[in-house]
Amino acid sequence: MSKKRLVTAWLDGCSGCHMSLLDMDERLLELAPHIHVLASPLVDAKQYPDEIDIAVVEGAVGSVADLKKIKTIRERTRILVSLGDCAVTANVPAMRNPLGPKAVLQCAYLEHADLHQQVPQHAPALLPRARPIHEVVPVDVFVPGCPPSAD
Ligand code: SF4
């Protein structure tokens, strides 16, 4: 049987879900003969690959860059896994939704900054709301939890 082509990706999340993946510890060694990890925050891949069997995605869709990334992933992937509560419900990133992006950026970069009070020119362009992945593209598997347990 050929190895499954796997990617993991990170949208608007804290990386705790990826830490949970790593917490699978020796079970990752059991998986290793069956998967080929082509892209992930855990590996150094410069380009997003084609013809993915499984994509495991952490985080909500909170920025223009997130939106572009998840659409690319969906187009190139057979099974899309929404990993963790931020991906499944928008969870923590959605706490900003009642305020709107402008108020959030002002709070972070102006009101709570001691020095250089300005919104960085290259700050990610936020969408009006942080959204769960399935509101944006179809999802095949949901794995809730904050973070989901390694088990
Ligand atoms: Fe972090 Fe929890 Fe969101 Fe995972 S679900 S990215 S652990 S806040």
For segment 1-69, restrict the atom set to alpha-carbon positions and state the Rg and Dmax in Å. 12.7, 38
In degrees rounded to 10, the 0-90 angle between helix 64-76 Cα long axis and the longest Cα principal axis of the chain is 20 degrees
Let me spell out the model: positive unit charges on the Cβ of Lys and Arg, negative unit charges on the Cβ of Asp and Glu, origin at the Cα centre of segment 53-146. What dipole size does that give, in debye rounded to 20? 320 debye
So between Phe142 and Glu75, what do we pick up on full extension, going 0.36 nm a residue minus the alpha carbon distance? 22.3 nm
Calculated FRET efficiency, Asp114 and Met1, Cβ-Cβ r, R0 41 Å, to nearest 0.05? 0.10
Separation of segment 5-28 and segment 74-151 by C-alpha centroid, Å? 17 Å
Over the heavy atoms of Lys3, what accessible area does a 1.4 Å probe trace out, to the nearest 10 Å²? 100 Å²
Once neighbouring chains are kept in place and the probe is 1.4 Å, which whole percent of the accessible area of the chain is contributed by carbon and sulfur? 58 percent
Among all lysine pairs in the chain that are eight or more places apart or on different chains, how many have alpha carbons less than 26 angstrom apart? 13
Whole-number D in µm²/s for the chain (Stokes-Einstein; Kirkwood sum over Cα pairs; 20 °C, 1.002 mPa s): 131 µm²/s
Per the 1/(1 + (r/R0)^6) rule, R0 = 25 Å and r from the Cβ atoms of Asp50 and Leu99, FRET efficiency to 0.05 is 0.05
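Can you give the accessible area per residue of segment 37-151, in Å², using a 1.4 Å probe?
Working: 6870 Å² over 115 residues.
On a per-residue basis, 60 Å².
The values are calculated or read from the model by the stated rules, or taken from the named source; none is laboratory data. Since the structure is predicted, the reported quantities are computational estimates derived from the model, not experimental observations. Because the Cβ atoms are built from the backbone with ideal geometry, glycine has one as well, and the counts that use them run over all protein chains shown. In case anyone asks, the SASA skips ligands and DNA or RNA and just uses the protein heavy atoms, side chains included. Shrake-Rupley method; radii C 1.70, N 1.55, O 1.52, S 1.80 Å.
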